[in-house]
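What follows is a set of notes on a single structure, which appears directly below.
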Amino acid sequence: MRALVAEGRHDTVHALSRTGRTPVAGVGAHQVDIIDEASIARAAAAIAADGPVDLVFVASGILHERDIAPEKSFKALDPVALARLFAVNTTGPALVAKHFVPLMPRRGRSIFAALSARVGSIEDNRLGGWYGYRASKAALNQLLRTLAIEVARTKPEAIILGLHPGTVRTELSRPFRGGEAGAGVFTPDESVDHLLGVMASATPQQSGRVLAWDGSTIPA
Ligand SMILES: NC(=O)c1ccc[n+]([C@@H]2O[C@H](COP(=O)([O-])OP(=O)(O)OC[C@H]3O[C@@H](n4cnc5c(N)ncnc54)[C@H](OP(=O)(O)O)[C@@H]3O)[C@@H](O)[C@H]2O)c1
């Protein structure tokens, strides 16, 4: 959020979060739970008053929660955990698209990007495990691809992207990333720099893809 404001590319910046608060000055704050469609619709209606939206960035997602841990085996599959992962990681961004893509301009460059993950790639799955997280991100990638095809018909300069940030030192990755140092492990600020760069150079021809932090395309 801070980096988007500092970039100065956007007249107004809005933060949507469960707390409805943002520490960043000059940013509009809206209370949204991504699994609550009414809260997304309310935020979209309020933001629409500022005119067309040229960037939507969905940065939410879960890998683990108090009662959810990534499955090491199919024996650990739990329907409640699976439903929760899909609700937050897949349905949530899709509902954000449902309410915010209509606010993107018909003409001119615009971006809808959602943080996905390399482990959502079916082709790239060599290690196994993390059934629910992988599947929820694979489904997210399919939704983004499908959205890109539809949106291209009416907004030819719009770009729909899944983004893989690399391994980032956040609460989400803390239990799984081992030591704090290491190649391909980034601070949140480094990750933001990478992803802003990827979005700045993305083209409509890349719409529907999942791009990694270095701009490379991740196979479906
Ligand atoms: N960290 C990594 O290494 C890594 C690698 C690949 C992909 N990713 C992806 O990057 C994204 C961000 O992950 P992160 O590392 O920044 O994780 P994080 O530090 O745990 O942050 C996750 C964010 O998602 C929000 N969130 C969770 N459930 C929500 C809900 N129901 N409604 C609204 N917001 C919700 C959280 O909000 P609260 O602040 O309210 O809890 C928090 O801001 C995720 O999609 C993740 O899959 C991360």
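The values are calculated or read from the model by the stated rules, or taken from the named source; none is laboratory data. Small disclaimer: the values here were computed from a predicted structure and weren't measured. Heads up, the Cβs are rebuilt from the backbone with ideal geometry, glycines too, and the neighbour counts pull from every protein chain shown. To get the accessible areas, we keep the full protein, side chains included, count just its heavy atoms, and leave off ligands, DNA and RNA. Shrake-Rupley method; radii C 1.70, N 1.55, O 1.52, S 1.80 Å.
Applying the selection to segment 120-155, what residues are outside any helix (DSSP H, G or I) and either β-branched (Val, Ile, Thr) or open to solvent by less than 80 Å² (accessible area, probe 1.4 Å) (or both)?
Hits for segment 120-155 are Ser121, Ile122, Asp124, Asn125, Gly128, Gly129, Trp130, Lys155.
Could you please give the count of residues in segment 9-56 that are touching a Leu at 6+ places or on another chain (Cβ under 7 Å), within 26 Å of Ala87 (Cα to Cα) and of a type outside the set (A, V, I, L, M)?
So the count comes out to 2.
I'd like the residue in segment 29-41 that is outside any helix (DSSP H, G or I) and either at pLDDT below 95 or of a type in the set (Asp, Glu) (or both) and, out of all such residues, is least open to solvent (accessible area, probe 1.4 Å).
Asp33
For residues that are open to solvent by less than 40 Å² (accessible area, probe 1.4 Å) and over 19 Å from Phe186 (Cβ atoms), tally how many sit in segment 156-167.
Qualifying residue count for the region: 3.
Condition (residue is under 24 Å from Ala97 (Cβ atoms), open to solvent by 30 Å² or more (accessible area, probe 1.4 Å), away from the ligand (no atom under 12 Å from the Cβ) and in a helix (DSSP H, G or I)) applied to segment 206-216: is it met by at least one residue?
yes
Just need a number here: residues in segment 77-91 that are open to solvent by 40 Å² or more (accessible area, probe 1.4 Å), within 14 Å of the ligand (Cβ to nearest atom) and either among the hydroxyl-bearing types (Ser, Thr, Tyr) or not in a helix (DSSP H, G or I) (or both).
Residues that pass the stated criteria total 1.
Does Phe74 satisfy being away from the ligand (no atom under 16 Å from the Cβ) and open to solvent by 70 Å² or more (accessible area, probe 1.4 Å)?
Here the answer is yes, as Phe74 does meet what is asked.
Quick one: is Val5 in contact with a strand residue (DSSP E or B) (Cβ under 6 Å, 6 or more places away or on another chain), within 14 Å of the ligand (Cβ to nearest atom) and part of a helix (DSSP H, G or I)?
Against the criterion (in contact with a strand residue (DSSP E or B) (Cβ under 6 Å, 6 or more places away or on another chain), within 14 Å of the ligand (Cβ to nearest atom) and part of a helix (DSSP H, G or I)), Val5 does not qualify.
Only one of (1) open to solvent by less than 70 Å² (accessible area, probe 1.4 Å); (2) in a helix (DSSP H, G or I) fails for Val53. Which number is that?
All conditions pass for Val53, except number (2).
Could you list, in sequence order, all residues of segment 96-119 that are within 12 Å of the ligand (Cβ to nearest atom) and either open to solvent by less than 30 Å² (accessible area, probe 1.4 Å) or more than 18 Å from Ile40 (Cβ to Cβ) (or both)?
Going residue by residue through segment 96-119, those that are within 12 Å of the ligand (Cβ to nearest atom) are 96, 113-119.
Answer for segment 96-119, where residues must be within 12 Å of the ligand (Cβ to nearest atom) and either open to solvent by less than 30 Å² (accessible area, probe 1.4 Å) or more than 18 Å from Ile40 (Cβ to Cβ) (or both): Val96, Ala113, Ala114, Ser116, Ala117, Arg118, Val119.
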